[in-house]
Amino acid sequence: MEGEESRQGKESNYIRQVILMIWAMIFFGEAIEGEMLDELSKIGLKHYSLWKNVTGVGHSGAKMGTVVWPEFNTCIGITVDREKYRELRNTIVNIKSILRDEGIKMFAMPVEDIV
């Protein structure tokens, strides 16, 4: 029975840690991928998922990888704790203020579980 209580305690601690995490998805034009990755690296974020050749239509226009709309978007998915999220958000706000016409968007949501 002691093993079961220990497992439940570890699981409870794990759930509390996960709830404090944020999943952020950052969308931007492929032309600024290098700058975005450099900025993430500057704040110590080196682990992420990267999706290239992302298509879509946003407020800054269509990016479909076609002759008519030749660009693509890139998307970075990253999970961070709430403290690091504030730093990430500030970094994205700063980049957006410099690169106003790039259509940079970040969506953030709480992480419910990681398996």
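Each value in this text was obtained by applying a stated rule to the coordinates, not by laboratory testing. As the structure is a prediction and not an experimental result, all values here were calculated from the model. Cβ sites come from the backbone with ideal geometry, for glycine too, and all protein chains shown count toward neighbours.
Describe numerically, in nm with one decimal, the distance between label points set 7 Å from Cα along Cα→Cβ at N90 and at S49.
If labels sit at N90 and S49, their model points lie 2.8 nm apart.
Ranked highest first by the average count of other Cβ atoms within 10 Å around their residues, in what order do 72-79, 32-39 fall?
Packing proxy ranking, top to bottom: 72-79, 32-39.
Sticking with the crude label model, points 7 Å out along Cα→Cβ, report the distance from V115 to E30 in nm, one decimal please.
If labels sit at V115 and E30, their model points lie 3.3 nm apart.
Specify the inter-centroid distance of the stretch 27-51 and the stretch 64-96, based on alpha-carbon positions, in whole Å.
Centre-to-centre distance over Cα atoms comes out at 7 Å.
Among residues other than E102 whose Cβ falls under 13 Å from its Cβ, what is the net charge (Lys/Arg +1, Asp/Glu -1)?
Cβ neighbours under 13 Å give a net charge of -2.
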